[in-house]
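Novice: Starting off with a structure, shown below.
The values are calculated or read from the model by the stated rules, or taken from the named source; none is laboratory data. In this text, all values refer to a predicted model and were calculated from it rather than measured experimentally. Cβ: placed from backbone, ideal geometry, glycine included. Neighbour counts: every protein chain shown. We work out accessible area using only protein heavy atoms, side chains counted, and drop any ligands, DNA or RNA first. Shrake-Rupley method; radii C 1.70, N 1.55, O 1.52, S 1.80 Å.
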Amino acid sequence: MQSSQKRDSFKSRAGFIWACVGSAVGMGNIWLFPYRVGQLGGAAFLIPYFIAVALLGYSGVIEEMAFGRAMRSGPIGAFEKVMSRRGLKGGAILGYIPVVGALGIAVGYSVVVGWIIKFFVQSASGLVTSAPDSGAFFGAVAGPMGSLGWHTAAILLTLFVMAAGVSRGIERLNKAIMPLFFLMFALLALRVAFLPGALDGYKFLVHPDFQVLWTPKTWVYALGQAFFSLSIAGSGTLVYGSYLKDDVDIVSSAKSVAFFDTVAALLAAVVILPATFAHQVAPTAGPPLMFIVMPEIFKGIPASALFCTIFFFAALCAGLTSLVNLYEAPIEALQNRFGLSRAASVAVITLAGLALGIALEDGARLGAWMDLISIYVLPLGALLAAVMFFWIGGSGFAADQIRLGRNGNLSPLIVPLGKYVFCGLTILVFVMGIRLGGIG
């Protein structure tokens, strides 16, 4: 069943870019990227990371934007339409894979955003920086049913924005708060620069350990970091592309998204690594970096509650915009596939997110769930979207859709890069993720 409702759209190229940047900039930029830099040779890690961002941004991000716009649909409709052009069936069934992946990650991500909201509110009140034991404080939040109310608030806040639609909700939100994210982290970077010992962190960032470049894992983890950071999963970016007007240059837009996402990651590293060096603590991976290590660091800074509040506000900006993108894929599917109104689709996904999320109200269970989806479902969704666009659609179809809205010439390398390099790298992400228990 297809919806007959008029499809909403982004009102401006800037709004579309900020929405895609909001989708890409998330917790991986804040807690995982600085850890990878610290773990894998400092500046040396940036070399394979920049290469991976360039390759994926110039292929996968372009593909998902163009595919969505070409089919004016999310993954279910897009897969079905492109396969039907070849007389093939089963596209809709395959399209459910990235939609389920987006919903699965969104359900778990909602719990994390709930933690961030709680830390933001309690940073402003001084409770976070006055807690005698940051580890115990976070443990109480991440324990069984430790943040159900905040988790619920995260879902309701996200879906309240989404109920307003694409242009009045998603676009306005991202245009308002993503610039604030960059401003907040710039302020934090300025403050961290004056910490005694911060210079050692800067030295670490600019003095590479080139020996790690001979280690295959360095390149694999750099690829995984770039892949997930750019939000390539065959779902959210594809859906955002379906709301894009024909006169927008997708190649230029993808470059902007890759650039701002990289700037966000580097800003996080410039804040977190010098701060950890100044306080002689390791940049621990995962949630402890954000929820335990950073609060401990802020405790030793004058106006600790203020800077802690700024940090969690910036994290909330990143988390909320990513969550909006993740929930948009299943909401679009209900609208476009089953003909539900926007309000009804949002209501259904709200109830589903709350019901499924209750089972993840435990840090250990949440981690296992997020690993399951990110290792198995998301790369598979990205690979299916790429195969549909570049292989099932064909080289001529792909080139025409990428060229649409572009003023300049289209590089002859884009389609081969997508068909062979991007598909190959996505298979590598899938295989190595399974082998290493996750790479991003």
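Novice: Taking residue 254, is it of a type outside the set (Asp, Glu) and farther than 22 Å from residue 36 by Cβ?
Specialist: Considered against the rule, which asks whether it is of a type outside the set (Asp, Glu) and farther than 22 Å from residue 36 by Cβ, residue 254 comes out as yes.
Novice: For the stretch 257-310, what are the residues that are open to solvent by less than 30 Å² (accessible area, probe 1.4 Å), β-branched (Val, Ile, Thr) and assigned to a loop (DSSP other than H, G, I, E, B)?
Specialist: 301
Novice: On to the next question. Give me a count of the residues in the stretch 178-191 that are open to solvent by 10 Å² or more (accessible area, probe 1.4 Å) and of a type outside the set (Gly, Ala, Ser).
Specialist: Matching residues across the stretch 178-191 total 8.
Novice: Go through the stretch 351-365 and give me each residue that's part of a helix (DSSP H, G or I) and open to solvent by less than 10 Å² (accessible area, probe 1.4 Å).
Specialist: 353, 357
Novice: Give the residue that is farthest from the chain's Cα centre (by Cα), with candidates limited to residues of the stretch 412-440 that are surrounded by fewer than 13 Cβ atoms within 10 Å (Cβ to Cβ) and within 24 Å of residue 244 (Cβ to Cβ).
Specialist: Selected residue: 412.
Novice: In this structure, is residue 248 open to solvent by 10 Å² or more (accessible area, probe 1.4 Å), out of contact with any Gly (no Cβ under 8 Å at 6 or more places or on another chain) and not in a helix (DSSP H, G or I)?
Specialist: No; evaluated as a whole, the condition is false for this residue.
Novice: Tally the residues that are closer than 17 Å to residue 31 by Cβ and either among the aliphatic types (A, V, I, L, M) or modelled with pLDDT of 90 or more (or both), restricting the search to the stretch 264-292.
Specialist: 19
Novice: Of 161, 166, which residue is open to solvent by less than 10 Å² (accessible area, probe 1.4 Å) and at pLDDT below 95?
Specialist: Of 161, 166, the one residue that is open to solvent by less than 10 Å² (accessible area, probe 1.4 Å) and at pLDDT below 95 is 166.
Novice: Any residue in the stretch 216-225 that is within 22 Å of residue 103 (Cα to Cα) and buried (at least 24 other Cβ atoms within 10 Å of the Cβ)?
Specialist: Taking every residue of the stretch 216-225 in turn, at least one turns out to be within 22 Å of residue 103 (Cα to Cα) and buried (at least 24 other Cβ atoms within 10 Å of the Cβ).
Novice: Under 6 Å between Cβ atoms, which residue pairs at least 6 apart in sequence (or on different chains) link something in the stretch 74-102 that is aromatic (Phe, Trp, Tyr) with a partner that is modelled with pLDDT of 95 or more and in a helix (DSSP H, G or I)?
Specialist: Going by the 6 Å Cβ cut-off, the qualifying pairs are 79/91; 79/94; 79/95; 79/388.
Novice: Which ones in the stretch 376-389 are over 13 Å from residue 97 (Cα atoms) and either surrounded by fewer than 24 Cβ atoms within 10 Å (Cβ to Cβ) or free of Cβ contacts under 8 Å to residues at least 60 places away in the same chain (or both)?
Specialist: 387, the sole residue that qualifies.
Novice: Hey, among the residues in the stretch 24-51 that are open to solvent by 10 Å² or more (accessible area, probe 1.4 Å) and within 30 Å of residue 166 (Cα to Cα), which one's nearest to the chain's Cα centre (by Cα)?
Specialist: Per the stated criteria, the residue is 28.
Novice: Could you please give the count of residues in the stretch 390-407 that are exposed (fewer than 14 other Cβ atoms within 10 Å of the Cβ) and without any contact (Cβ under 8 Å) to a residue 24 or more places away in the chain?
Specialist: 1
Novice: Moving to a separate point now. Quick check: is even one residue across the stretch 188-205 touching a residue at least 60 places away in the same chain (Cβ under 8 Å), in a loop (DSSP other than H, G, I, E, B), within 18 Å of residue 268 (Cα to Cα) and not aliphatic (A, V, I, L, M)?
Specialist: yes
Novice: Condition first: over 17 Å from residue 183 (Cβ atoms), more than 22 Å from the chain's Cα centre (by Cα) and touching a residue at least 40 places away in the same chain (Cβ under 8 Å). Can you find one or more residues in the stretch 319-335 that meet it?
Specialist: Looking through the stretch 319-335, at least one residue is over 17 Å from residue 183 (Cβ atoms), more than 22 Å from the chain's Cα centre (by Cα) and touching a residue at least 40 places away in the same chain (Cβ under 8 Å).
Novice: What's the total number of residues in the stretch 417-427 that are without any contact (Cβ under 8 Å) to a residue 12 or more places away in the chain and within 17 Å of residue 396 (Cα to Cα)?
Specialist: Residues meeting the conditions: 1.
Novice: Inspect all residues belonging to the stretch 131-141 and state whether any of them is over 17 Å from residue 331 (Cβ atoms), open to solvent by less than 60 Å² (accessible area, probe 1.4 Å), polar (S, T, N, Q) and over 25 Å from the mean Cα position of the chain (by Cα).
Specialist: So far as the stretch 131-141 goes, yes, one or more of its residues are over 17 Å from residue 331 (Cβ atoms), open to solvent by less than 60 Å² (accessible area, probe 1.4 Å), polar (S, T, N, Q) and over 25 Å from the mean Cα position of the chain (by Cα).
Novice: Now for a separate question. Could you pull out the residue among 100, 107 that is touching a helix residue (DSSP H, G or I) at 6+ places or on another chain (Cβ under 7 Å) and open to solvent by less than 10 Å² (accessible area, probe 1.4 Å)?
Specialist: Criteria check complete, one pass: 107.
Novice: Here's a check for you: in the stretch 324-345, which residue that is closer than 13 Å to residue 169 by Cβ and hydrophobic (A, V, I, L, M, F, W, C) is surrounded by the most Cβ atoms within 10 Å (Cβ to Cβ)?
Specialist: 331
Novice: Every residue in the stretch 76-104 that is more than 21 Å from residue 398 (Cβ to Cβ) and more than 25 Å from the chain's Cα centre (by Cα), please.
Specialist: Scanning the stretch 76-104 gives a single hit, 89.
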